[in-house]
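I have placed the structure first, in the form of structure tokens, so that the comments after it can refer back to it.
The values are calculated or read from the model by the stated rules, or taken from the named source; none is laboratory data. Every value quoted in this text rests on a predicted model; they were computed, and no experiment measured them. With ideal geometry, Cβ positions are generated from the backbone for all residues, glycine too; neighbour counts draw on all protein chains shown.
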Amino acid sequence: MLEHAREAVDLAQGKTRDGLERDRVLQLALTRLVEIVGEAAAQIPAEVRAKHPSFPWRAAVGMRNRLIHGYDVLDLDVLWDTITTDLPRLVDLLEDIVPG
């Protein structure tokens, strides 16, 4: 989860929302990375979640759901906001949780 979140944030570095509009490969890559982060969050056992109640588990899963349940429509504003605002915060939180 942490590595994929980091990868998404890193991939967006130096990019812009307008650039995302024109780069289909970037859209697909970032979408897939967010899907993986959300799916990984959904697989975290309840006892682990309970040990870290300040982590936004539901929001992490929700990011994935917001993106993939549009099926044929990808909301690039939601994707960009997720990558540039939400994921950096998740990375910081995960770095406090994940050992080493």
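Would you kindly identify the helices (runs of 4 or more DSSP H) lying entirely within the range 13-100 that contain at least 1 residues that are within 17 Å of LEU2 (Cβ to Cβ) and of a type in the set (D, E, K, R)?
On the way: elements: 17-22, 24-42, 46-51, 57-68, 76-81, 87-97.
The helices (runs of 4 or more DSSP H) meeting that bar are 24-42, 46-51, 57-68, 87-97.
Say whether the condition of being of a type outside the set (Val, Ile, Thr), out of contact with any strand residue (DSSP E or B) (no Cβ under 7 Å at 6 or more places or on another chain) and modelled with pLDDT of 90 or more is met by at least one residue in the range 65-75. Within the range 65-75, not a single residue is of a type outside the set (Val, Ile, Thr), out of contact with any strand residue (DSSP E or B) (no Cβ under 7 Å at 6 or more places or on another chain) and modelled with pLDDT of 90 or more. Residues in the range 5-41 that are exposed (fewer than 13 other Cβ atoms within 10 Å of the Cβ) and either of a type in the set (Gly, Ala, Ser) or in contact with a strand residue (DSSP E or B) (Cβ under 6 Å, 6 or more places away or on another chain) (or both): GLY14, GLY19. Tallying residues that are more than 11 Å from the chain's Cα centre (by Cα), more than 16 Å from THR85 (Cα to Cα) and hydrophobic (A, V, I, L, M, F, W, C) within the range 1-54 yields 9. One residue alone among ALA41, ALA50 is small (Gly, Ala, Ser), under 26 Å from PRO99 (Cβ atoms) and without any contact (Cβ under 8 Å) to a residue 40 or more places away in the chain, and that residue is ALA50.
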